[in-house]
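So the structure is just underneath, and the comments pick up after that.
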Amino acid sequence: MNTENKDKIEAAVFRRLLNHLQENKDLQNIDLMNLAGFCRNCLSKWYVEASKENGQDINYDKAKEIVYSMPYSEWKEKYQK
């Protein structure tokens with residue numbers, strides 16, 4: 001498999017993971033962290049790091065908005081238990 005196809009597949013998997021997390025808002029970050037060792041905030045931090053590695057400047061708040069599909073403060077108010 002060439003790099004371009006691998007990148008496309010990995011991007012599709014990431015989008016699917018984000019979609020799954022966005023559809024399962026009852027899954028709390030602490031549960032994710034305890035079970036998987038990462039949470040939505042970790043994904044947001046990784047997003048920031050990857051953006052910098054690729055010459056982009058996406059800050060942490062914008063990355064959280066991408067991962068949560070809304071501003072983090074709004075998600076926290078609506079869904080965090």
Practice task
Using R₀ = 25 Å, calculate the FRET efficiency as 1/(1 + (r/R₀)^6) where r is the Cβ-Cβ separation of LYS25 and MET1; round to 0.05.
Solution key: 0.15
Handout entry: Protection proxy ranking of 28-37, 59-68 - average other beta-carbon atoms within 10 Å, highest first
Key = 59-68, 28-37
Handout entry: Folded to 0 to 90 degrees: helix 3-23 orientation relative to the chain principal axis, Cα
Key = 10
Exercise for the section: Provide, as a two-decimal number, the C-alpha radius of gyration of the chain over 2.2 N^0.38 Å, N being how many residues it has. Expected result: 1.16
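Determine, from the Cβ-Cβ distance of TYR60 and LYS8 and an R0 of 25 Å, the FRET efficiency 1/(1 + (r/R0)^6), rounded to the nearest 0.05. Provide the component values of the computation, followed by the final result.
Values: r = 26 Å, r/R0 = 1.05.
It comes out at approximately 0.40.
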Practice task
Divide by every residue of the chain the summed helix terms, -39500 (n - 2.57) for each DSSP H run of at least 4, and state the resulting mean residue ellipticity at 222 nm, rounded to the nearest 500 deg cm²/dmol.
Solution key: -23000 deg cm²/dmol
Exercise for the section: Can you tell me the alpha carbon radius of gyration of the range 33-73 divided by the globular rule-of-thumb value 2.2 N^0.38 Å? Expected result: 1.17
Exercise for the section: Would you calculate the volume per residue, in Å³, of the smallest convex hull containing every Cα atom of the range 5-50? Expected result: 75
Exercise for the section: Give the peptides 42-52, 8-18 in descending order of average Cβ contacts within 10 Å, highest first. Expected result: 42-52, 8-18
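Throughout, read-outs are computed from the coordinates displayed, never taken from laboratory work. From a predicted model like this one, the values you see are computed outputs, not experimental measurements. As a convention, Cβ positions derive from the backbone with ideal geometry for all residues, glycine included, and neighbour counts pool all protein chains shown.
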